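This report refers to the structure that appears directly beneath it.
The values are calculated or read from the model by the stated rules, or taken from the named source; none is laboratory data. Since the model is a prediction, treat every value here as computed from it, not as a measurement. Positions of Cβ are generated from backbone atoms using ideal geometry, with glycine treated the same way; all protein chains shown enter the neighbour counts. Just the protein is used for accessible areas: all its heavy atoms, side chains included, with ligands, DNA and RNA removed. Shrake-Rupley method; radii C 1.70, N 1.55, O 1.52, S 1.80 Å.
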Amino acid sequence: MMLAFDFWAHHNRLRAVHPGLKLAFAAVALGLVLTGGPAVAFATILAAAVLVLAAGVPFPLFCRLLLLPLGFLLPGVLALALTTGEAVTWGVAAAGWRVGFTEAGLALSLLLGLRALAAVSCLYFLALTTPLPAVLGVLRRVGVPALPLEIAVLTYRYLFVLERVARGICLAQAARGGYRSWRGRLYSLGLLAGQLFLVTYHRAQNLYTALLARGYQDALLVPPREHRCSGTAVGGFAGLTALLVLVWLLGR
């Protein structure tokens with residue numbers, strides 16, 4: 001999945017648009033999502049989808065990425081919607097207890113679920129259309145300290161190391177028939193979890209040693225790249241931002 005992010009970040013139609021413009025739109029949209037209602041969250045998801053399609057990123061990939069956080073989101077939303085007591089509107093009663101859902105709980109869980117998906121969609125848009133060095137360049141120019149930026153760069157690089165190691169171990173296990181049965185899958189996943197940290201740690205250490213051998217001094221120098229800020233791009237992002245602000249104002 002990290003390879004898909006990195007590939008499309010460098011090979012999309014919005015690649016040459018100034019990263020500050022995309023970063024500003026994502027930041028404003030994220031702020032509106034966190035302070036607005038369900039309509040703003042839904043409009044933000046649609047806006048992110050439109051921008052991803054305009055960038056030439058496959059829409060099925062964007063949908064699959066949105067499905068990833070549902071595994072964490074659905075249990076939390078359901079737990080938030082469940083309640084006990086006399087105020088339960090839909091539920092069951094057992095041993096004098098009423099457990100179920102209320103209208104207020106369902107409304108709150110729906111709001112938080114949409115907010116989470118909308119916030120993730122903003123970050124997906126930024127990650128799928130803007131390479132990390134371009135984002136860090138904007139953050140460096142606005143005065144963000146160098147230490148968190150360097151940590152972000154190294155963490156991003158180590159994620160590729162982690163994914164590569166995990167793919168290699170899974171391929172080796174599959175070649176030896178480790179995933180033929182449910183018992184074998186559980187055993188193989190246990191071995192993968194146990195070995196992944198150790199192998200990744202050694203690979204990361206080798207990567208850091210290679211950086212030191214090339215003169216790394218706590219500052220990764222990224223060559224600058226020219227970006228344009230055309231009137232069409234500015235107008236498009238300004239129009240989408242104005243639309244989100246209008247939906248936010250109508251929902252207050």
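Candidates are the residues of region 10-46 that are buried (at least 19 other Cβ atoms within 10 Å of the Cβ) and of a type in the set (Gly, Ala, Ser); the one that is farthest from LEU108 (Cα to Cα) is ALA26. Criterion applied to GLY36, GLY56 was being under 12 Å from LEU244 (Cβ atoms) and either modelled with pLDDT under 90 or not basic (Lys, Arg) (or both), and the one residue passing it is GLY36. Being at pLDDT below 80, surrounded by 12 or more Cβ atoms within 10 Å (Cβ to Cβ), touching a helix residue (DSSP H, G or I) at 6+ places or on another chain (Cβ under 9 Å) and not in a loop (DSSP other than H, G, I, E, B) is a property that holds for LEU106. Among the residues of region 187-206, write down those that are of a type in the set (A, V, I, L, M) and open to solvent by 70 Å² or more (accessible area, probe 1.4 Å). LEU189, LEU191, ALA193, LEU198 - these are the residues of region 187-206 that are of a type in the set (A, V, I, L, M) and open to solvent by 70 Å² or more (accessible area, probe 1.4 Å). What about GLY71, is it at pLDDT 75 or above, part of a helix (DSSP H, G or I) and out of contact with any helix residue (DSSP H, G or I) (no Cβ under 9 Å at 6 or more places or on another chain)? The answer is yes for GLY71.
Against the conditions (1) at pLDDT below 80; (2) open to solvent by 40 Å² or more (accessible area, probe 1.4 Å), ALA213 satisfies every one except (1). Of all residue pairs spaced 6 or more apart or on separate chains, those with beta-carbon atoms under 6 Å, a first member in region 101-129 that is within 16 Å of GLY76 (Cα to Cα) and without any contact (Cβ under 8 Å) to a residue 40 or more places away in the chain and a second member that is open to solvent by less than 20 Å² (accessible area, probe 1.4 Å) and assigned to a helix (DSSP H, G or I) are PHE101/ALA81; GLY105/ALA81; LEU106/ALA81; SER109/ALA81. Quick one: in region 138-181, of everything that is farther than 25 Å from THR209 by Cα and open to solvent by less than 40 Å² (accessible area, probe 1.4 Å), which residue is modelled with the highest pLDDT? Applying the filter and picking the extreme gives VAL138.
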